[in-house]
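Take a look at the structure set out below.
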């Protein structure tokens with residue numbers, strides 16, 4: 001599996017769990033607000049030190065300190081060895097959470113059928129009519145809808161989330177996205193981190209999120225970034 005980053009500890013990316021984050025390399029979207037731009041390309045920069053065996057070794061050595069591993073990205077469902085990697089993590093006795101953009105429902109279905117994940121967080125980038133602008137590429141919204149349906153039918157613990165980008169989304173857009181989901185399903189509004197946006201136009205001081213109280217969804221920070229650590233020494 002192509003790995004672009006590793007964060008050995010997070011208390012916020014898997015609800016109620018002490019977790020590590022494995023950031024996969026490569027994404028099929030080009031969201032202008034993306035805060036993990038270094039992970040977009042299929043190939044990571046040379047010498048990043050994130051060999052799969054090293055990462056698995058680091059997780060193995062920390063397994064008594066962790067409850068779970070988050071597979072994020074990038075887009076994990078693009079990885080050919082995602083199943084094998086998740087199986088190895090599960091054999092360590094750790095829970096596994098998947099972060100996905102929902103663009104590959106066939107892969108998601110296989111993963112759900114194999115019971116490899118304990119929690120899934122899926123991004124819903126925008127109302128379906130605005131998807132190309134927020135995803136940065138042409139997107140089959142039918143596939144997005146299929147992924148939503150798969151998660152809702154699976155009975156697996158899951159959440160759906162949207163990054164609120166001023167100028168690209170309005171409060172009414174969040175309300176429309178919320179209408180795609182049953183009332184009991186968790187839907188989270190993530191704050192836009194302008195300093196790290198892939199599109200330099202969005203890094204302007206004028207691109208600030210609306211105050212959380214004007215929104216109907218819970219706000220969290222999107223502050224999980226790949227960390228260039230030495231996974232062998234744990235530094």
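The values are calculated or read from the model by the stated rules, or taken from the named source; none is laboratory data. For clarity, every value in this text was computed on a predicted model and none was experimentally measured. Every residue, glycine as well, gets a Cβ built from its backbone with ideal geometry; the counts of neighbours run over all protein chains shown.
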- Message: Step by step: first the residues of region 124-161, then only those that are in contact with a helix residue (DSSP H, G or I) (Cβ under 6 Å, 6 or more places away or on another chain) and more than 22 Å from residue 112 (Cβ to Cβ), then the one that is surrounded by the fewest Cβ atoms within 10 Å (Cβ to Cβ). Which residue is that?
- Response: 138
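Per-residue answers, yes or no, for (1) within 13 Å of the chain's Cα centre (by Cα); (2) touching a residue at least 60 places away in the same chain (Cβ under 8 Å); (3) under 27 Å from residue 149 (Cα atoms):
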residue: 11; (1), (2), (3): no, no, no
residue: 14; (1), (2), (3): yes, yes, yes
residue: 33; (1), (2), (3): no, yes, yes
residue: 79; (1), (2), (3): no, yes, yes
residue: 86; (1), (2), (3): no, no, yes
residue: 90; (1), (2), (3): no, no, yes
- Query: Can you tell me which of 111, 56, 116, 66 is without any contact (Cβ under 8 Å) to a residue 40 or more places away in the chain, assigned to a loop (DSSP other than H, G, I, E, B) and surrounded by 15 or more Cβ atoms within 10 Å (Cβ to Cβ)?
  - Reply: 116
- Query: Checking residue 188 against (1) surrounded by fewer than 16 Cβ atoms within 10 Å (Cβ to Cβ); (2) modelled with pLDDT under 95; (3) not in a strand (DSSP E or B), which test does it fail?
  - Reply: (3)
